[in-house]
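I have placed the structure first, in the form of structure tokens, so that the comments after it can refer back to it.
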Amino acid sequence: MEQPTPTTMRAIAIDRFGGPETLALRTVPVPTLAPDEVLIRVEVAGVGEWDPFEREGGYAEMLGQSPQFPYVLGSEGAGTIVAVGEHVRRFRPGDRVYALGFLNPKGGFYAEYAAVRADLVSAIPGALTLEQAAVMGGVATTALRGLDDTLELKQGESVVILGASGGVGHTAVQLAKRMGARVLAAASGDDGVALVERLGADAAVDGRKGDVLAAARAFAPDGLDAALLVAGGEAAQRALLAIRDGGRAAYPNGVQPAPEAPPAVQLASYNGEPDADIIERLNRLVASGPFHVEIARRFPLTQAAEAHLALGRHHLGKLALHVH
């Protein structure tokens with residue numbers, strides 16, 4: 001029996017693009033359902049590394065969009081389905097799911113309810129908790145797009161992952177290992193190095209204090225096969241020097257400064273947007289063994305602005321916003 005859904009909800013919304021001070025608690029209408037969508041009562045939303053760029057209007061400018069205000073952020077989350085569109089057969093009310101909704105025109109997951117296309121919704125894989133699944137979706141699909149679709153990483157190849165202790169990076173370390181690669185993880189700080197070693201990296205180096213090039217040459221004396229650059233800057237440039245001729249490097253669009261590769265290295269940028277195929281591949285890899293999602297801090301919905309400030313400070317893994 002479906003419970004009646006309220007017509008309004010609490011959400012963190014912005015009335016204009018700008019800094020963290022634009023994030024305000026508002027009462028807004030609960031989004032209406034299209035035939036191919038589900039309505040999720042959001043319990044936890046992930047705070048994405050890209051959320052400030054969206055909040056500042058970066059994506060709207062990049063894509064030439066004029067979004068409607070009030071504008072609700074949040075491209076990943078998890079909770080319980082409360083209603084399904086008439087064409088949806090895979091889900092029913094009461095299902096516990098995680099979902100992705102990058103630049104969802106109906107509003108994101110910083111809200112009590114979110115309407116999401118059913119093909120971007122999934123049962124929670126493996127032994128993940130709902131909270132872990134909520135914050136994993138965006139970063140892990142971005143990691144897998146880089147490793148599998150862009151680098152086409154093969155079993156036995158060597159790869160360096162820059163930014164390995166961050167959201168995308170710490171999932172990339174685990175996914176690359178599951179794909180059979182040898183992983184050198186360049187992490188941030190002693191705590192970051194300890195995390196990636198615990199997650200199964202074959203070798204680790206502090207990307208801020210250590211010599212990434214020396215570590216890479218020791219790890220792969222004939223040159224690395226590939227690099228996933230989730231962070232830019234000097235460490236990324238040094239890592240690129242360790243790639244063999246004909247090797248590959250990839251970085252998600254938005255990494256600043258954009259890396260520059262030597263002529264003999266194929267460098268590609270990519271977008272991490274989700275679809276049904278990559279979510280299915282991700283779920284398969286995650287469910288194949290214990291998978292760790294590092295959550296550095298948790299914030300109540302009302303502290304979304306503080307969560308955005310915390311994104312700019314040193315932390316491992318992900319930040320979570322608890323809605324219900």
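Computed values, structure above
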item: Any pair with Cβ under 8 angstrom, 6 or more apart, that starts in region 246-266 at a residue that is basic (Lys, Arg) and ends at one that is open to solvent by 80 Å² or more (accessible area, probe 1.4 Å) and not in a loop (DSSP other than H, G, I, E, B); result: 248/266
item: Residue 159 without any contact (Cβ under 8 Å) to a residue 40 or more places away in the chain, under 20 Å from the mean Cα position of the chain (by Cα) and surrounded by 24 or more Cβ atoms within 10 Å (Cβ to Cβ); result: no
item: Some residue of region 3-10 being open to solvent by 40 Å² or more (accessible area, probe 1.4 Å), in contact (Cβ under 8 Å) with a residue 24 or more places away in the chain and part of a strand (DSSP E or B); result: yes
item: Residue within region 224-244 that is free of Cβ contacts under 8 Å to residues at least 24 places away in the same chain, touching a Gly at 6+ places or on another chain (Cβ under 8 Å) and polar (S, T, N, Q) present; result: no
item: Cross-chain or 6+ apart pairs with Cβ under 8 Å, region 282-298 first and more than 19 Å from residue 47 (Cβ to Cβ), then among the basic types (Lys, Arg) and open to solvent by less than 30 Å² (accessible area, probe 1.4 Å); result: none
item: Selection within region 217-262 - in a helix (DSSP H, G or I) and out of contact with any helix residue (DSSP H, G or I) (no Cβ under 6 Å at 6 or more places or on another chain); result: 217, 218, 219, 234, 236, 237, 240
item: Residue pairs meeting the criteria (Cβ under 6 Å; at least 6 apart or on separate chains; first part of a strand (DSSP E or B), in region 302-318; second open to solvent by 30 Å² or more (accessible area, probe 1.4 Å)); result: 317/294; 317/296
item: Subset tally (residues that are in a helix (DSSP H, G or I) and either buried (at least 24 other Cβ atoms within 10 Å of the Cβ) or touching a strand residue (DSSP E or B) at 6+ places or on another chain (Cβ under 7 Å) (or both)) for region 175-189; result: 4
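The values are calculated or read from the model by the stated rules, or taken from the named source; none is laboratory data. Note that the structure is predicted; figures quoted are calculated from it, not measured. Don't worry about glycine lacking a Cβ; one is built from the backbone with ideal geometry, like all the others, and counts go over all protein chains shown. Areas reflect the complete protein model, heavy atoms only, side chains present, ligands, DNA and RNA absent. Shrake-Rupley method; radii C 1.70, N 1.55, O 1.52, S 1.80 Å.
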